[in-house]
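Structure first, then comments.
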Amino acid sequence: MNVLIVDDESQMCEMLEGILKDYSNNIHIAHNGSDGFDIFNKFNKTFDLIISDFNMPILNGVEFRKKIFDSNKDCPPFIIYTGNVDGVMRQEIEGELLAVVSKSDIETLEKHIVEIKNKVLGSTNE
């Protein structure tokens, strides 16, 4: 499973990478939405899941998601992982968004990761 983590806080990236290592062998990290978009394109838009913080410099999580959706209507599942769930919910989000998860709710985050991994494995019969 190919995963892109986008968060401006290094500690959060490390924590997410630690959670994901049990589910993915291919994890990429960016520290803002603009860099995340560049990585998304560099790897030919082949990510199975994107996990992004909401509040970041350059492009926030919703702006980053919109930029991906505008360039690729077949956007991978996208989780916004944030300390400001209410702020995200007030933003307009075009297209499908898998979830908005609080940074304090690791259990829900892992549930969504497992769902995506099962879909990926089911579709590739690995």
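One table, with the values for the structure above:
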| quantity | calculated |
| --- | --- |
| Looking only at region 101-117, and only at residues there that are closer than 15 Å to Asp53 by Cβ and of a type in the set (D, E, K, R), the one that is surrounded by the most Cβ atoms within 10 Å (Cβ to Cβ) | Lys103 |
| Restricting region 1-59 to residues that are polar (S, T, N, Q) and touching a Ser or Thr at 6+ places or on another chain (Cβ under 8 Å), the residue that is surrounded by the fewest Cβ atoms within 10 Å (Cβ to Cβ) | Asn41 |
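Where a number appears in this text, it was derived from the coordinates with a stated rule and is not lab data. Every value quoted in this text rests on a predicted model; they were computed, and no experiment measured them. We place every Cβ from the backbone using ideal geometry, glycine too, and count neighbours over all the protein chains shown.
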